[in-house]
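Here the structure is laid out as structure tokens; the discussion comes afterwards.
The values are calculated or read from the model by the stated rules, or taken from the named source; none is laboratory data. What you are looking at is a predicted structure, and each value in this text was computed from that prediction instead of being measured. Methodologically, a virtual Cβ is constructed for each residue, glycine included, from the backbone with ideal geometry; neighbour enumeration extends over all protein chains shown. For accessibility, only protein heavy atoms count, side chains too; no ligands or nucleic acids. Shrake-Rupley method; radii C 1.70, N 1.55, O 1.52, S 1.80 Å.
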Amino acid sequence: MARFELKLPKMGESVAEATITSWLKEVGDTIEMDEAIVEIATDKVDSEVPSEVEGTLVEILFEKDAVVEVGATIAVIETEGGDVVAVTEAKEETPKEVVAVEKTIEKAVETVSEPITKTSDSGKFYSPLVRNIAQAENVSMIELEAIAGTGKDGRVTKSDILSYIENRSSRPIKTVEKSVAKPEKKEAVKAAPVSVNGEDEVIEMSRMGKLIAKHMVDSVQTSAHVQSFIEIDVTNIVKWRTKVKDAFLKREGEKLTFTPILMQAVATTIKKYPMINIALHGDTIIKKKNINLGMAAALPDGNLIVPVIKNADQLNLVGMTKAVNDLAGRARGNQLKPDEIQGGTYTVTNVGGFGSVMGTPIINQPQVAILALGAIRKVPAVIETPDGDFIGIRQKMFVSHSYDHRVVNGALGGMFIKTLKEIIESWDVNQDF
């Protein structure tokens, strides 16, 4: 028998750790090659970790909600034959502050008369470790209820309660009874963050929702957002797509939507204006060689995620369509890999998919610009011809361009979407795909 160490895989250059959200297998279960063993979450995406070998799961080194560094051993699988591989002890991977608290727990006696229950009156669940830490550190159920959990479904994790304890001295608290051996002492407990009546519903923000909210606020506080708007006539594209979409599906096995057509036009425009394809780090501008288009996609829970089409300018329409459909489909199924939502240099969001005529999107840091595609509408328009002007029905859309005015001036921001308009409106209705 040999023992194989399953390690937390590398998930992109900027991802250093992940949270264990759910173990899909238990100790003693048989594991197949490439079978998912554990679900993890990073600040970028949720994903599964598959097994690289066949065997039996004999050890789980981190419990649910634990934060684990990339490269750490998270489980041990016993396989047939081979040499025994030394297993990293879980305690070596445990953060120092957790070790300190766990040592305190081992020596602690019952000090709080109010019991710390598994489930609170509001329905929140607390793990055994969180309850033990709360008991040892005299954290009451009322205090525990007030802690905003960052774990799955809003659960309070070890990091959450340790952070609360560290900052507790500045929090106003409620009276907590000490053990009989000590006199009663009054300490402060943080008051409930909201006040609701019996008809209101309290909804905890999801982990991803909190991350997105912070990302948006940080972006607004970082970049000087300016917007430019332009109306584009997409009649030729609408007519061409209507004419070829059935043949495209039959030949390529892919549905042809407007998104890849427009994304291809954006990539072409970026090549003409490379100073839109930059990142700003402090006072340093980094001009990106590759054009990696971020594509905002809606998730089933209402949140947004931005998968990235790498080297988008090198793709023809068929390649772009396959990339768009693949990433959008796997985004909706929470099947994206961490690397697939990193490295974007410019982002496009389709607000028209929700019926919006236009929007003012927030820049995806550290990028310096983002484009919002509005809904395509039939509108009356003045059509210029050699024989004079007349009114006709055209298919049009508004495009909104948000850019960082610290490094992108109005001329560049405006010329970018003017050129995009020219590229889109010159679409040849007789071309093949």
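A 1.4 Å probe run over the protein chains yields, for the stretch 300-433, 48 Å² of accessible area per residue, whole-number rounding. To the nearest 10, the accessible area of Glu231 is 60 Å² with a 1.4 Å probe. Highest mean packing first, where packing is the average number of other Cβ atoms within 10 Å per residue, the peptides 353-359, 325-331, 138-144 line up as 138-144, 325-331, 353-359.
Taking all protein chains into account, the per residue accessible area for the stretch 234-274 stands at 50 Å² (1.4 Å probe). Based on the Stokes-Einstein relation at 20 °C and a viscosity of 1.002 mPa s, and on the Kirkwood radius from alpha carbon pairs, the stretch 252-305 is assigned a translational diffusion coefficient of 156 µm²/s.
In this structure, the amide hydrogen of Val38, modeled 1.01 Å from its nitrogen in the peptide plane, lies closer than 5 angstrom to those of Leu24, Val49, counting only residues at least 5 positions away or on a different chain.
For the stretch 375-433, the percent of C-alpha pairs falling in each 10 Å distance bin, counted from 0 to the bin holding the largest distance, reads 17, 34, 33, 14, 2. Taking a sphere under 14 Å around the Cβ of Lys288 and counting the other residues whose Cβ falls inside, with K and R at +1 and D and E at -1, yields a net charge of +3.
Exceedance of the 21 Å cut-off in Cα-Cα distance is limited, within the set Lys210/Lys288; Lys243/Lys396; Lys243/Lys378, to Lys210/Lys288.
Once you sort the root eigenvalues of the Cα gyration tensor of the stretch 311-401 as a ≥ b ≥ c, which label holds: rounded (a/c under 1.5), prolate (a/b larger than b/c) or oblate (the other case)? All intermediate terms of the calculation are to be shown ahead of the outcome.
Details: a/c = 2.33, a/b = 2.05, b/c = 1.14.
Taking the square roots of the gyration eigenvalues as a ≥ b ≥ c, the stretch 311-401 is prolate.
Measuring nothing but protein heavy atoms, the accessible surface of the stretch 264-387 at 1.4 Å probe radius is 51 percent carbon and sulfur.
Is the stretch 191-315 rounded, prolate or oblate when judged by the Cα gyration tensor, a ≥ b ≥ c being the square roots of its eigenvalues, rounded requiring a/c under 1.5 and prolate requiring a/b larger than b/c? Oblate.
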